[in-house]
Amino acid sequence: MPEVRLRLYKLIEVSGTDKIEFLQGQLTQDVSCLSESTKLFAAWCNPKGRVIVTMSLLLSEEAIVLVVPAGIAESILDKLAMYRLRSDVSFALSDAIHDSSSSSIQFDQKHLILHGIPIIDETNSESYTPHMLNLDKLSAISFDKGCYMGQEVVARTEHLGNSKRRMMRYQADSDGLRVGSKLSDGSRNVGTIVNISGRDLLAVTPVAIHKEPLIAESITVTPLGVPYEI
């Protein structure tokens with residue numbers, strides 16, 4: 001299991017004979033595709049199709065491990081337990097590093113921003129749909145595995161064929177912005193900052209103006225693009 005930066009992330013270990021079936025009914029990703037040699041990106045949505053949290057999925061000998069932002073980990077653990085019902089699953093919150101041989105850069109916020117990968121945690125939970133966050137472009141959604149929480153909203157957006165608001169990477173010309181800061185086109189608010197590290201940021205804005213600089217709190221942000229087609 002890859003090393004994770006424990007100050008930023010925690011591990012939720014999901015075990016039991018029904019762990020795959022249970023997670024299939026909760027997460028956007030096809031959990032059955034997980035193997036010991038792969039790491040999958042996924043999201044957990046509320047019934048309205050808004051992303052509660054993003055996570056990485058890992059497979060250990062006896063459990064499926066959800067790598068989630070530390071600040072929201074206990075809340076996620078409690079919410080998952082509410083949906084357990086009669087399923088043979090159990091949950092454990094862990095800080096353990098099972099294998100420190102792999103680099104933790106894949107979980108570094110600046111690295112993720114540069115690659116157009118969002119982090120949804122307690123600061124921005126339930127604010128965006130998966131398509132707004134480009135999760136369909138990041139192979140974090142399975143469209144043929146069956147029902148899961150929020151699936152109807154996600155499937156309807158996919159069926160319509162486009163999303164008018166999507167995430168874009170920007171760079172600010174000075175410091176001072178934060179998650180949740182509003183972006184303006186000069187006359188009205190058009191977007192919101194999802195993640196930020198230094199002056200690099202991801203924000204959900206209208207696709208029609210993705211090539212235009214915007215303003216946030218008197219600071220200009222310039223679009224730099226993401227390394228995949230949107």
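A Gaussian network model of the chain, with springs between Cα atoms under 10 Å, assigns the largest mean-square fluctuation among Asp78, Asp121, Asp30 to Asp78. Once both labels are positioned 7 Å from their Cα atoms along Cα-to-Cβ, the gap between Asp18 and Thr123 label points is 3.7 nm. Between Arg156 and Tyr228, the modelled label-to-label distance comes to 2.4 nm, taking each label 7 Å out from Cα in the direction of the beta carbon. Using 0.36 nm per residue and subtracting the Cα-Cα separation, the extra length available between Ser187 and Met82 on full extension is 33.4 nm.
Comparing Leu93, Gly198, Gly16 along the charge dipole axis of the chain, the residue lying farthest to the positive side is Gly198, per the Cβ-charge model. Distance between the C-alpha centres of the stretch 74-93 and the stretch 1-72: 12 Å, rounded to the whole angstrom. Straight-line reach from Lys164: taking Cα to Cα under 20 Å and skipping same-chain neighbours fewer than 8 places apart, the lysines in range are Lys48, Lys137, Lys182, Lys211. Using C-alpha pairs below 8 Å separated by at least 6 residues, the relative contact order for the chain is 22 percent.
If you bin every alpha carbon distance in the chain into 5 Å steps from zero, what whole percent lands in each bin? Percent of Cα pairs in each bin: 1, 7, 15, 19, 19, 16, 12, 7, 4, 1, 0, 0. Once you mark the trypsin sites (Lys or Arg not before Pro) that are in a DSSP loop and have at most 11 other Cβ atoms within 10 Å, what is the longest gap between them in the chain? In short, 87-163.
What relative contact order, as a whole-number percentage, does the stretch 164-223 give when Cα pairs under 8 Å and 6 or more residues apart are counted? Rounded, it is 43 percent for the stretch 164-223.
Computed from the coordinates by the stated procedures, all read-outs in this text should not be read as laboratory data. Note that the structure is a prediction, hence the values are computed from the model and not measured. All Cβ positions, glycine included, derive from the backbone under ideal geometry; neighbour counts span all protein chains shown.
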